Structures are given as C-alpha cells and as structure tokens.
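*Asks:* Handing you a structure now.
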Amino acid sequence: MGNQLRNRFERTGKMENLEDAIQMARQVLEVTPKSYPDLAGRLINLGIVLEIRFGRTENLENLEEAIQLARQAVDLTPEDHPDLVGNLEMAKPVFVQDTRVEQSKEAEFYRIGSRAWEFSARHHVVWRFLTGP
C-alpha cells in the first residue's frame with residue numbers, strides 16, 4: 001500500500017500522500033523481523049520516500065536517514081543474493097542526491113558501484129561462459 005501512496009503522490013503532488021507513504025513504510029519496517037529475507041527491500045522503500053520528501057522539503061534529516069537506510073540495505077544483502085544489483089541500483093540515487101558529498105561518501109558510492117558491477121559481471125552469461133561455472 002505504501003507504494004500505491006507514493007505513486008499517488010507522484011501523480012497528484014499532494015504531500016499528504018507522501019507523508020502517508022512514509023508512515024506506512026515505517027510501520028511495515030517496525031513489524032518486520034530482522035531475519036526477514038526482504039528486509040533490505042523494505043529499508044530501501046522507506047529510504048526512497050524519505051529521499052523524495054527531501055527533494056520537496058530540502059530537510060537534510062530526511063536525506064541523512066535515507067542514506068543510513070540505503071547503507072543498511074546494501075550491507076544486509078549477501079554477495080550472492082539475486083537482488084544485490086537491484087538493491088544497489090535502488091540505493092544509488094539516495095547517495096547521488098546528497099549534494100554535500102564528502103570524500104568518505106564518494107568512496108562509499110564508488111564501493112557500492114564497484115560491488116554492483118562485480119556482481120553483474122560474475123553473473124552475466126558471457127562472464128560465466130568465459131570463466132566457467
């Protein structure tokens with residue numbers, strides 16, 4: 001339901017829809033067990049709506065929380081997980097949105113991008129053909 005609220009916000013521009021999407025994402029995350037297989041996806045979902053709110057309000061607390069959630073999601077995703085590339089791709093815009101990029105954040109963004117590329121390369125059909133199973 002949170003995604004539908006976010007979609008409604010994107011169509012209407014009404015902040016109340018975005019606020020409802022954030023509240024829904026927080027509630028879902030609160031009841032999600034730490035061992036839940038798609039916990040990273042739920043972290044990313046909350047991060048996305050917070051990043052959207054930052055874009056509207058420019059409240060840096062939203063961006064900082066979105067970055068923290070993106071880091072958690074990326075760190076929770078195992079190297080061999082099929083959703084790794086998707087999680088990395090979904091987390092990337094949150095890091096790009098931070099206009100106050102420090103060297104440590106640049107290095108982290110590079111690490112995330114490199115991790116996505118390495119994973120993609122290892123799992124790409126041509127890579128598997130060239131390197132074997």
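*Asks:* Set the Förster radius R0 to 22 Å, insert the Cβ-Cβ distance between residue 38 and residue 58 as r into 1/(1 + (r/R0)^6), and round the FRET efficiency to 0.05. It would help to have the intermediate numbers written out before the result.
*Replies:* Numbers: r = 31 Å, r/R0 = 1.39.
Result of the calculation: an efficiency of 0.10.
*Asks:* Could you tally the net charge around residue 24, taking each other residue with its Cβ under 12 Å from the Cβ of residue 24, Lys/Arg +1 and Asp/Glu -1?
*Replies:* +1
*Asks:* How much of residue 60 can a 1.4 Å solvent probe reach, expressed as accessible area in Å² and rounded to 10?
*Replies:* Rounded to the nearest 10, that gives 80 Å².
*Asks:* Could you state the accessible area per residue of region 5-70 in Å², with a 1.4 Å probe and every protein chain left in place?
*Replies:* Working: 3660 Å² over 66 residues.
Value returned for region 5-70: 55 Å² of accessible area per residue.
*Asks:* Just want to confirm a number: the relative contact order over region 1-59, from Cα pairs under 8 angstrom separated by 6+ residues, in percent.
*Replies:* 29
The values are calculated or read from the model by the stated rules, or taken from the named source; none is laboratory data. If you're wondering where the values come from, they're calculated on a predicted model, not measured in any experiment. Cβ: placed from backbone, ideal geometry, glycine included. Neighbour counts: every protein chain shown. Heavy atoms of the whole protein, side chains included, go into the accessibility calculation; ligands, DNA and RNA do not. Shrake-Rupley method; radii C 1.70, N 1.55, O 1.52, S 1.80 Å.
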